[in-house]
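A quick write-up on the structure given underneath.
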Amino acid sequence: MLNNLPYGGESVKLIISGAGGLIGRQIVSEMEKTGAAITRLVRRTAIADRSEVCWRPESGDIDGPKLESHDCVIHLAGESISGLWTKAKKERILSSRISGTDLLVAALSALKHPPRLLICASASGYYGDQGSAILSEQDTAGIGFLARVCSEWESAAVRAQEAGINVIRLRLPMILSSRGGALAAMLPVFRLGLGGVLGSGSQYMSWCSLDEIGRIVRHCLERLDLSGPYNAGTPTPITNKVFTQALGAFLHKRTPLPVPEFLLTLLPGDMASEMLLASTRMHPVRLLESGYVFQHPDIASALRSAL
Ligand SMILES: NC(=O)c1ccc[n+]([C@@H]2O[C@H](COP(=O)([O-])OP(=O)(O)OC[C@H]3O[C@@H](n4cnc5c(N)ncnc54)[C@H](OP(=O)(O)O)[C@@H]3O)[C@@H](O)[C@H]2O)c1
């Protein structure tokens, strides 16, 4: 059993929200390799002998005292951004993250022994649509709905610092996996040979394989000197056109059918301009400076790992 994490006690004690989601399951599996003791924050009734603690972010309930005596919290929970962006959906995307983070931070801050570290998910959407500009952690938040969600989500997490908790904000890119997320949604279309670029295809997308994210979180836990925002995409963002060609080549399928921009803009709630056509070329400056080495920095090897 691996146990090289720099925490006191026999093994690091973690709390994870959103542990049942795509990224949460990967982090649980990566951290279990280190012998970490994992407590899951769940929205249903908690099963005590499975190390679960109940919280209900919508109603502001959390079983706070059970959060005592943990080393670190990994906060991933939030309404999925996939699905049609109706007004109600957008409200849930925002409020699940802000009120959920407020609730968690208040509960952690009230503990006799707060954890030393909170790792809070954020997203490349923080930067909004910025064309081909290379974006480092020093760049400010962009404009638009996702930028606002990420910016308010991060601000809510940062308030944990007032209780002496170190906060890492991981700006996650599109995560490549066949088990969920954007790539899994595209696969059936590409496998039928019906894939194609979105709009002009010139928009940049930041990306990372799912197993890489598990290793990045572990890197953050192993190093005690990391703090603040970290871009968690590979140093090699690509345009939608290059991605489309790479996925087609990997699947041995042609990608003949571009989806015209005007069709995409029929989607409700700015989905097209914010998710499909927005260009975000994020560079992981601080992660590289911290010594993290990406295992799958090129799209072909990441697709092999994901698929
Ligand atoms: N996957 C990506 O490409 C990507 C990219 C950038 C950022 N992110 C962010 O990273 C986080 C984890 O992503 P993921 O792909 O693992 O997401 P996911 O598979 O959708 O899982 C999210 C988890 O959040 C909880 N959840 C769902 N709806 C919620 C709500 N209304 N209120 C509170 N909790 C809710 C669920 O946990 P329970 O049902 O157990 O409570 C779920 O397991 C998300 O916040 C996401 O926005 C993901």
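The values are calculated or read from the model by the stated rules, or taken from the named source; none is laboratory data. Keep in mind it's a predicted model, so treat the numbers as computed, not measured. FYI the Cβ positions are ideal-geometry reconstructions off the backbone, even for glycines, and counts take in every protein chain you see. Heads up: the accessible areas ignore ligands, DNA and RNA and are worked out on the full protein's heavy atoms, side chains in. Shrake-Rupley method; radii C 1.70, N 1.55, O 1.52, S 1.80 Å.
Quick notes on this structure:
- Full-stretch length increase - Q161, H113 - with 0.36 nm per residue and alpha-carbon distance subtracted: 15.9 nm
- Debye intensity ratio in log₁₀ form over the Cα atoms of the chain, taken at each q of 0.08 Å⁻¹: -0.35
- Relative contact order of the chain, taken over Cα pairs closer than 8 Å and 6 or more residues apart, is 19 percent.
- Pairs of lysines in the range 13-306 whose Cα atoms sit within less than 26 Å of one another amount to 6, provided the residues are eight or more positions apart or on different chains.
- Per residue, in Å², the accessible surface of the range 193-242 once ligands and nucleic acids are set aside, probe 1.4 Å: 28 Å²
- Segment R148-S301, length gained on full extension (0.36 nm per residue, minus Cα span): 51.8 nm
- Set of the range 179-221 residues, backbone N closer than 12 Å to the point 7 Å along the Cα-Cβ line of L264: 196-205
- Ranked by the mean number of other Cβ atoms within 10 Å per residue, highest first, peptides 14-22, 187-195, 82-90 order as 14-22, 187-195, 82-90.
- For the chain, carbon and sulfur atoms together expose 55% of the accessible surface, with a 1.4 angstrom probe and every protein chain in place.
- Global form of the range 130-198, assessed from the alpha-carbon gyration tensor, a/c cut-off 1.5: prolate
- Between the helical axis of 22-32 and the longest alpha-carbon principal axis of the chain there is an angle of about 50 degrees.
- Gyration tensor verdict on the range 241-304 (Cα atoms; rounded if a/c is under 1.5, prolate if a/b is larger than b/c, oblate otherwise): oblate
- Normalised per residue, the volume of the convex hull around the Cα set of the range 1-87 (Å³): 112 Å³
- The residue list Q161, P114, L104 was ranked by how far each Cα lies along the charge dipole of the chain toward its positive end, using unit charges on Cβ atoms, and L104 comes out on top.
- Spin-label pair R43/S136, simplified geometry with 7 Å Cα→Cβ offset, distance in nm: 3.8 nm
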